[in-house]
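*Asks:* What follows is a single structure, and I will ask about it in a moment.
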Amino acid sequence: MTQLTPQLRYLPNAQQQALWLENVSIQQLASQVATPFYCYSKAALLNNIHACKAAFEPENIHIHYAMKANSNLSLLRIVAEQGLGVDIVSIGEMHRALSAGFDAQDIVFSGVGKTTAELTAAVLAGVGQFNLESKEELAVLITIANKHQQLVSTLIRVNPEITVDTHKNITTGAKGNKFGVNFDDVLPMLVAAEHSPFLQVNGLAMHIGSQIHTTAPYLDAIAKIQTLISELKTQGYTLTQLDLGGGFGVQYKDHQMLTSNTGGSESDYLTFNDFSNAITSALADWQGRISIEPGRSLVADIGVMVSEITYIKESQPTSFIVLDAAMNDLMRPALYQATHALIPVQLPLQEQVPSTAQLNSYDVVGPICESTDTFAKSAQLPNDLAAGDLMCFLYTGAYCAVMSNSYNSRPIAAELLVDDDQAYVIRQAITQENLTAFEQHTALKLL
């Protein structure tokens with residue numbers, strides 16, 4: 001048996017090794033559901049949630065799942081059943097959260113562009129915390145709170161101007177980012193909030209980016225925020241809540257994982273306990289509430305995406321593996337130059353790990369008419385692959401299915417959930433017939 005992710009492994013049978021997620025055969029799933037499709041492990045999700053709770057809850061650090069990472073209702077219900085709160089960034093996510101069973105008081109509403117309609121709906125729904133991103137948003141929320149005479153609890157999201165070692169497209173706490181407010185804007189916002197008897201500013205929030213693999217930037221940001229809180233206290237404002245965001249890094253292994261672990265050593269990637277210890281150490285004297293918002297770190301490794309090889313296209317200098325999956329199904333490689341390990345669903349029985357002589361170099365691409373529809377360059381994969389073989393992308397539980405779209409008028413892939421030896425369709429494939437049903441054959445006259 002070769003273990004790949006917490007619940008994914010190769011198991012031998014009479015003639016070959018085949019991929020199983022928990023106690024379900026990937027090959028058998030592909031015989032019933034059209035590729036490409038996503039598949040998640042319930043056990044892996046529960047294991048991640050339990051590890052997160054074990055690290056943070058004893059320190060009285062409150063956990064809100066950042067549902068933008070994966071907002072499938074079935075997964076959200078599991079998260080809600082485990083007692084976590086949820087972090088949302090749109091009114092659509094609020095509706096999903098409430099439908100999944102989260103209490104409105106356990107919802108944190110983040111996001112830089114909340115509309116008046118969204119803020120009104122969230123206030124009336126009783127959302128427990130609004131993370132304010134600007135003085136302009138504060139003014140709108142004051143008007144709404146006063147109009148409806150609803151008590152609204154808020155935090156001001158500050159931009160700590162911390163540089164982090166991650167992809168430039170997923171930094172959120174560096175100078176010049178659209179997120180949060182400058183430290184100099186916090187005091188005027190606290191003064192403005194005093195004009196409403198219904199709006200309370202209880203503390204500060206931050207989120208410095210995603211895929212962060214060291215505690216250093218968190219400690220730097222926390223130190224800056226503590227200084228600001230001390231300064232505000234001298235002005236008569238005592239804040240009692242800190243929301244430290246998420247961004248805890250995940251170990252994405254690369255396409256060489258069949259031959260070697262080149263995705264970095266385990267020691268390069270921090271655990272929930274590492275982050276918890278750093279936070280509690282930095283805030284040893286803090287007497288107020290602390291909360292965090294992990295997303296990717298809870299769901300990235302629970303999922304795979306299964307695709308079928310359409311062609312092996314011989315070419316120079318590198319041959320192509322053309323999959324039936326495309327960038328509309330898995331956008332991260334095109335959007336962030338991200339790498340997801342790609343492995344065959346079946347291997348010969350004698351090959352625990354293919355030798356270098358049994359590998360070829362391929363560019364792995366999809367069928368979309370864009371050069372960016374490329375999953376990997378020079379991926380080292382078995383040289384006996386053929387059209388019709390199934391392939392599996394790993395670590396696709398976060399920011400994958402949730403970003404899928406119908407570009408090139410392609411269907412949107414189905415999502416499955418495995419629970420021990422059972423498998424369930426938790427989102428049917430969205431076909432062009434489904435999508436064209438929203439487009440009238442005769443245009444509806446408005447004016």
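*Asks:* What number of residues within region 52-103 are assigned to a helix (DSSP H, G or I) and free of Cβ contacts under 8 Å to residues at least 60 places away in the same chain? Full working, then the answer.
*Replies:* Narrowing region 52-103 to residues assigned to a helix (DSSP H, G or I): 52-59, 67-69, 73-81, 91-100.
Subset that is free of Cβ contacts under 8 Å to residues at least 60 places away in the same chain: 53, 57-58, 76-78, 80-81, 91-100.
Here the count works out to 18.
*Asks:* Can you give me the number of residues within region 377-394 that are modelled with pLDDT under 95 and either within 25 Å of TYR40 (Cβ to Cβ) or within 25 Å of the chain's Cα centre (by Cα) (or both)?
*Replies:* Summing the residues that are modelled with pLDDT under 95 and either within 25 Å of TYR40 (Cβ to Cβ) or within 25 Å of the chain's Cα centre (by Cα) (or both) in region 377-394 gives 3.
Yes or no, residue by residue, for (1) small (Gly, Ala, Ser); (2) surrounded by fewer than 22 Cβ atoms within 10 Å (Cβ to Cβ); (3) out of contact with any Pro (no Cβ under 8 Å at 6 or more places or on another chain):
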residue: LYS68; (1), (2), (3): no, yes, yes
residue: LEU75; (1), (2), (3): no, no, yes
residue: VAL86; (1), (2), (3): no, no, yes
residue: MET94; (1), (2), (3): no, no, yes
residue: SER99; (1), (2), (3): yes, yes, yes
residue: VAL108; (1), (2), (3): no, no, yes
residue: GLU137; (1), (2), (3): no, no, yes
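*Asks:* Can you tell me how many residues within region 340-369 are in a loop (DSSP other than H, G, I, E, B), out of contact with any Lys or Arg (no Cβ under 9 Å at 6 or more places or on another chain) and at pLDDT below 95? Don't jump to the end; show me each part of the working.
*Replies:* Within region 340-369, the subset in a loop (DSSP other than H, G, I, E, B) is 340-341, 345, 349-355, 366-369.
Imposing the further condition that a residue be out of contact with any Lys or Arg (no Cβ under 9 Å at 6 or more places or on another chain) reduces the set to 345, 349-355, 366, 369.
This time we only want the ones that are at pLDDT below 95, so: 349-355, 369.
Of the residues in region 340-369, 8 are in a loop (DSSP other than H, G, I, E, B), out of contact with any Lys or Arg (no Cβ under 9 Å at 6 or more places or on another chain) and at pLDDT below 95.
*Asks:* So, one more: Name every residue in region 385-438 that is of a type in the set (S, T, N, Q), assigned to a loop (DSSP other than H, G, I, E, B) and surrounded by fewer than 19 Cβ atoms within 10 Å (Cβ to Cβ), in order of residue number.
*Replies:* Of everything in region 385-438, those that are of a type in the set (S, T, N, Q), assigned to a loop (DSSP other than H, G, I, E, B) and surrounded by fewer than 19 Cβ atoms within 10 Å (Cβ to Cβ) turn out to be ASN405, SER406, GLN428, THR431.
*Asks:* Is it the case that some residue within region 128-135 is acidic (Asp, Glu), buried (at least 21 other Cβ atoms within 10 Å of the Cβ) and assigned to a loop (DSSP other than H, G, I, E, B)?
*Replies:* There is at least one residue in region 128-135 that is acidic (Asp, Glu), buried (at least 21 other Cβ atoms within 10 Å of the Cβ) and assigned to a loop (DSSP other than H, G, I, E, B).
*Asks:* Tally time: how many residues in region 141-160 are touching a helix residue (DSSP H, G or I) at 6+ places or on another chain (Cβ under 8 Å) and surrounded by fewer than 18 Cβ atoms within 10 Å (Cβ to Cβ)?
*Replies:* 3
*Asks:* Okay, moving on. Got at least one residue in region 217-226 being closer than 30 Å to PHE393 by Cα and either at pLDDT 85 or above or not in a helix (DSSP H, G or I) (or both)? Before the answer, list the steps.
*Replies:* Pass one, region 217-226, residues closer than 30 Å to PHE393 by Cα: none.
No - not one qualifying residue is present in region 217-226.
*Asks:* If you don't mind, another one. Starting from region 34-50, take each residue that is in a loop (DSSP other than H, G, I, E, B) and list its partners that are open to solvent by 10 Å² or more (accessible area, probe 1.4 Å), counting only C-beta distances under 8 angstrom and pairs at least six apart or across chains.
*Replies:* Taking only residues 6 or more apart or on different chains, the pairs are ALA34/ALA429; THR35/GLU308; THR35/ASP324; THR35/LEU390; PRO36/GLU308; PRO36/ASP324.
*Asks:* Output the number of the condition that THR238 fails; it satisfies all remaining conditions of (1) of a type in the set (Val, Ile, Thr); (2) at pLDDT below 95; (3) surrounded by fewer than 17 Cβ atoms within 10 Å (Cβ to Cβ).
*Replies:* Every condition holds for THR238 apart from (2).
*Asks:* Does PHE56 count as in contact with a His (Cβ under 9 Å, 6 or more places away or on another chain) and open to solvent by less than 70 Å² (accessible area, probe 1.4 Å)?
*Replies:* yes
*Asks:* Right, here's the next one. Going through region 187-216 one residue at a time, which ones are crowded, with 18+ Cβ neighbours inside 10 Å and in a helix (DSSP H, G or I)?
*Replies:* Those that are crowded, with 18+ Cβ neighbours inside 10 Å and in a helix (DSSP H, G or I): MET189, ALA193.
*Asks:* Follow-up question, since we're still on this one. Which members of region 210-225 meet the condition of being free of Cβ contacts under 8 Å to residues at least 60 places away in the same chain and either of a type in the set (S, T, N, Q) or under 14 Å from PHE275 (Cβ atoms) (or both)?
*Replies:* Applying the first criterion (free of Cβ contacts under 8 Å to residues at least 60 places away in the same chain) to region 210-225 yields 212-214, 216-217, 223.
Hits for region 210-225 are ILE212, HIS213, THR214, ALA216, PRO217.
*Asks:* Among all residue pairs at least 6 apart or on different chains, which show Cβ distances below 8 Å where the first residue, located in region 108-120, is modelled with pLDDT of 95 or more and outside any loop (DSSP other than H, G, I, E, B) and the second is open to solvent by 30 Å² or more (accessible area, probe 1.4 Å) and of a type in the set (A, V, I, L, M, F, W, C)?
*Replies:* Taking only residues 6 or more apart or on different chains, the pairs are PHE109/VAL89; THR116/VAL140; ALA117/ILE91; GLU118/ILE91; LEU119/VAL140.
*Asks:* Here is a further query. Any idea which of LEU45, LEU4, LEU98 is out of contact with any Ser or Thr (no Cβ under 7 Å at 6 or more places or on another chain) and within 25 Å of GLU133 (Cβ to Cβ)?
*Replies:* Going through LEU45, LEU4, LEU98 in turn, the sole match is LEU98.
*Asks:* Could you tell me whether THR115 is open to solvent by less than 40 Å² (accessible area, probe 1.4 Å), of a type in the set (Ser, Thr, Tyr) and within 20 Å of LEU199 (Cα to Cα)?
*Replies:* In short, no.
*Asks:* From SER378, SER297, which residue is touching a residue at least 60 places away in the same chain (Cβ under 8 Å), surrounded by fewer than 16 Cβ atoms within 10 Å (Cβ to Cβ) and not charged (D, E, K, R)?
*Replies:* SER378
*Asks:* Just need a number here: residues in region 283-294 that are free of Cβ contacts under 8 Å to residues at least 24 places away in the same chain and either assigned to a strand (DSSP E or B) or closer than 12 Å to LYS68 by Cβ (or both).
*Replies:* Of the residues in region 283-294, 0 are free of Cβ contacts under 8 Å to residues at least 24 places away in the same chain and either assigned to a strand (DSSP E or B) or closer than 12 Å to LYS68 by Cβ (or both).
*Asks:* Within region 10-46, count every residue that is open to solvent by 20 Å² or more (accessible area, probe 1.4 Å) and closer than 18 Å to GLN422 by Cβ.
*Replies:* Residues in region 10-46 being open to solvent by 20 Å² or more (accessible area, probe 1.4 Å) and closer than 18 Å to GLN422 by Cβ: 12 in total.
The values are calculated or read from the model by the stated rules, or taken from the named source; none is laboratory data. Quantities reported herein were computed from a predicted structural model and do not represent experimental measurements. Don't worry about glycine lacking a Cβ; one is built from the backbone with ideal geometry, like all the others, and counts go over all protein chains shown. Ligands, DNA and RNA are stripped out before the accessible areas are found, and what is left, the full protein with its side chains, is counted by its heavy atoms. Shrake-Rupley method; radii C 1.70, N 1.55, O 1.52, S 1.80 Å.
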